[in-house]
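See below for the structure under consideration.
The values are calculated or read from the model by the stated rules, or taken from the named source; none is laboratory data. Note that the structure is predicted; figures quoted are calculated from it, not measured. Every residue, glycine among them, receives a Cβ derived from its backbone with ideal geometry; neighbour counts consider all protein chains shown.
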Amino acid sequence: MLRNGTRRQGDGLLPEVAPWLFVTLWSTGFVGAKYGLPYAGPFTFLFVRMQLAWVLLAGLAIAGRAIWPRRPREAAHLAVAGLLLHAGYLGGVFFAIDRGMPAGLASLIVGLQPVLTAVGAHVLLRESVAGRQWLGLLLGFVGVALVVGEQVRMAEKQSIALASFVAITVALLAATSGTLYQKRFGGGADLTAAAAIQYLAAAALLAPLAVAEGVRIDWTLPFVLALAWLLLVLSLGAMLLLLALIRQRAVSRVASLLYLVPPATALEAYLLFGERLGPPALVGMVVTAIGVALVVRQPKVIAVR
């Protein structure tokens with residue numbers, strides 16, 4: 001701000017632009033997974049990503065003199081949240097896409113996470129949920145039922161394995177549980193230090209799963225590019241952007257825009273992979289977006305991933 005009280009050009013730009021950038025980057029995670037999965041098993045792909053992510057974030061935390069957990073119990077809580085949010089959530093998403101689920105459908109189903117988080121926060125954390133938000137919950141489930149119902153009918157034609165629906169359900173529940181757990185037990189560590197611990201815990205769980213699938217990696221250029229994108233843009237870039245938004249007190253804008261992730265992913269998947277959704281699924285996507293939008297209008301009941 002200038003001394004006369006006028007705003008300099010560019011002041012306040014981050015809170016206006018960064019939330020949209022964050023949501024755009026977040027939506028590309030599903031597309032990046034689909035690009036890389038033909039060249040590596042889902043758990044192997046994630047293990048490599050988590051291993052590199054925690055090393056880089058730990059280096060950033062040390063360089064920035066970040067505050068680390070002061071007690072083992074705080075670190076343990078962060079590790080549990082990391083297992084749910086990164087191993088459980090991402091593991092389910094990657095496995096589902098690897099088994100043939102379209103990226104747009106996967107994004108839509110796990111996009112219900114803010115809705116379930118609102119329910120969990122109301123039941124477990126005694127946070128209030130407005131009548132408008134209960135309407136949003138109902139619309140969200142109706143929308144997903146329309147989409148999933150159509151996809152189940154077309155599953156045999158599209159070669160979508162039943163295991164992919166089980167995996168994406170696990171991902172949704174893990175993301176919701178991890179968000180609530182972190183909200184309840186999150187410590188006072190800096191975000192970079194906390195994320196490093198969470199990624200390390202996820203890598204430890206994913207290691208035996210990667211071994212079980214044979215640690216298969218075909219180091220092609222598409223795989224390297226997909227890995228680099230998910231590591232640098234998602235695990236590091238989007239996370240550091242979120243840190244900047246927290247410092248600018250603009251997190252509520254991110255929460256209010258999260259419902260745009262599934263439509264954005266569906267558009268990206270259509271343009272890049274030719275994935276198509278039928279009329280019932282498109283209607284369901286719109287209904288779900290409206291439902292989630294009604295829920296996330298009050299950011300205090302939503303925890304951003």
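Within segment 266-296, the set of residues being at pLDDT below 70 and either aromatic (F, W, Y) or more than 20 Å from the chain's Cα centre (by Cα) (or both) comprises just one member, L277. In the set A61, A76, only one residue is outside any loop (DSSP other than H, G, I, E, B), free of Cβ contacts under 8 Å to residues at least 24 places away in the same chain and of a type outside the set (S, T, N, Q); that residue is A76. Do we find a residue being on the phi > 0 side of the Ramachandran plot, more than 14 Å from the chain's Cα centre (by Cα) and at pLDDT 80 or above anywhere in segment 206-214? Checked segment 206-214: at least one residue is on the phi > 0 side of the Ramachandran plot, more than 14 Å from the chain's Cα centre (by Cα) and at pLDDT 80 or above. Of all residue pairs spaced 6 or more apart or on separate chains, those with beta-carbon atoms under 7 Å, a first member in segment 31-54 that is under 24 Å from L267 (Cα atoms) and a second member that is of a type in the set (D, E, K, R) and assigned to a helix (DSSP H, G or I) are V31/E268; L37/D98; P42/D98.
Just one of the listed residues (V17, V31) is under 27 Å from V211 (Cα atoms), at pLDDT 65 or above and outside any loop (DSSP other than H, G, I, E, B), namely V31.
The numbered conditions (1) of a type outside the set (A, V, I, L, M); (2) farther than 13 Å from L205 by Cα; (3) at pLDDT 90 or above; (4) surrounded by fewer than 24 Cβ atoms within 10 Å (Cβ to Cβ) are all true for G100 except (3). For the residues L112, L83, L116, L90, the requirement of being surrounded by fewer than 24 Cβ atoms within 10 Å (Cβ to Cβ) and under 20 Å from A264 (Cβ atoms) singles out L112.
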